[in-house]
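What follows is calculated from the coordinates using simple rules that are stated; it is not laboratory data. All values derive from a computational prediction rather than experimental measurement. Glycine gets a Cβ as well: all are built from the backbone with ideal geometry, and neighbour counts include every protein chain shown.
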Ligand code: SF4
């Protein structure tokens, strides 16, 4: 595992839980609005400052009983070759595991599901399928994402889907297509969903600096999206 950051305490990252968060380095996507360029852009990654896994295990050892779980985010955690072993060690300590993922590595998702290692998955639904390539600069990922969502829906794990609303990439009109897409993947996906998060775009720090000129959405605009999503999902939240 190449770990670029560690937050020892959060009440925000894991819904209804007190957790710590591990930030893994590297991502196969290049979302223009990504607000973690320092762990996504190879030119900016500082490998000398990567954290030792042992530091994290030692910390967690002393937090048994006071933390509920560990969030593993990125970057894209499923790129990490040591992910399965890393999670196994944390699970053995008795912590819950949440993973934030773009879901494009369905083979890794399958492996983690087969070993029942993840309690909560938060998957980014970046946009409608036909805009994925424009958004992520990555080809042929939609099928894998569909497989991941389908497998998780059929598992015991909790699933959250989340979309960052940003001009040109994911807008109000796209959400009808997103609903149809997810329903087409698995008709139980929305009823099983723990929640759907609608995230406002943050222009302060972006992978593509052009996005810094784009304004965040107005609250009323996000409410319209939220009302649309509430028709098919019980728990919809607006973030930011
Ligand atoms: S937003 Fe997520 S998926 Fe997109 S580049 Fe950043 S870390 Fe990768």
Quiz item: Cα axis of helix 142-153 to longest principal axis of the chain: angle in degrees, 0 to 90, nearest 10?
Solution: 70 degrees
Quiz item: So how much slack lies between residue 191 and residue 111, counting 0.36 nm per residue of separation and subtracting their Cα-Cα distance, in nm?
Solution: 26.4 nm
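Taking the radius of gyration and the Kirkwood hydrodynamic radius from Cα positions alone, what is the Rg/Rh ratio for region 117-240, to two decimal places?
0.95
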Practice problem: Before rounding to the nearest 500, sum -39500 (n - 2.57) across all DSSP H runs of length at least 4 in the chain and divide by the residue total; then give [θ] at 222 nm in deg cm²/dmol. | Solution: -9000 deg cm²/dmol
Quiz item: For region 3-239, what is the largest minus smallest coordinate of the Cα atoms on each principal axis, given in angstrom and ordered from greatest to least?
Solution: 47, 39, 33
Exercise. Report, to the nearest 10°, how far helix 174-185 tilts away from the longest principal axis of the Cα atoms in the chain, using its own Cα long axis and a range of 0 to 90°.
Key: 60 degrees
Quiz item: What relative contact order, as a whole-number percentage, does the chain give when Cα pairs under 8 Å and 6 or more residues apart are counted?
Solution: 18 percent
Practice problem: For region 95-183, state the average projected area of the convex hull of the C-alpha atoms over all orientations, rounded to one decimal in nm². | Solution: 5.8 nm²
Quiz prompt | Cα centroid separation - region 152-177 against region 215-240, whole Å | solution = 11 Å
Quiz item: Volume per residue, Å³, of the convex hull around the alpha-carbon atoms of region 56-112?
Solution: 78 Å³
Practice problem: In nm, give the distance between the simple-model label positions of residue 66 and residue 154, each being 7 Å from the Cα along the Cα-to-Cβ direction. | Solution: 4.2 nm
Practice problem: Between residue 50 and residue 221, take the C-beta separation as r, use R0 = 35 Å, and let me know the FRET efficiency to the nearest 0.05. | Solution: 0.35
